[in-house]
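Accompanying notes for the structure given below.
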């Protein structure tokens with residue numbers, strides 16, 4: 001059986017890694033907006049004007065997933081311990 005400390009450490013590192021990916025994605029989308037938009041527009045056949053809402057939906061969904069699947073279990077395990 002996995003101990004609570006090990007599980008809390010696991011969720012803590014998952015949170016750190018996923019928040020890092022979220023921050024890097026946000027910075028990349030802000031700094032390199034045109035090259036990324038060109039790549040995604042060509043790959044998926046999406047109009048350039050439609051991409052900013054898609055990017056915001058992606059970042060928002062990813063943030064909610066991090067909260068639900070990483071931070072909430074981490075905080076609840078820390079409170080239990």
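The values are calculated or read from the model by the stated rules, or taken from the named source; none is laboratory data. Since the structure is predicted, the reported quantities are computational estimates derived from the model, not experimental observations. Glycine gets a Cβ as well: all are built from the backbone with ideal geometry, and neighbour counts include every protein chain shown.
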Counted residues, the range 55-72 - those being over 26 Å from residue 10 (Cα atoms) and either surrounded by 13 or more Cβ atoms within 10 Å (Cβ to Cβ) or touching a residue at least 60 places away in the same chain (Cβ under 8 Å) (or both) = 1
Surrounded by 13 or more Cβ atoms within 10 Å (Cβ to Cβ), modelled with pLDDT of 95 or more and under 26 Å from residue 2 (Cα atoms), is that true of residue 75?
-> yes
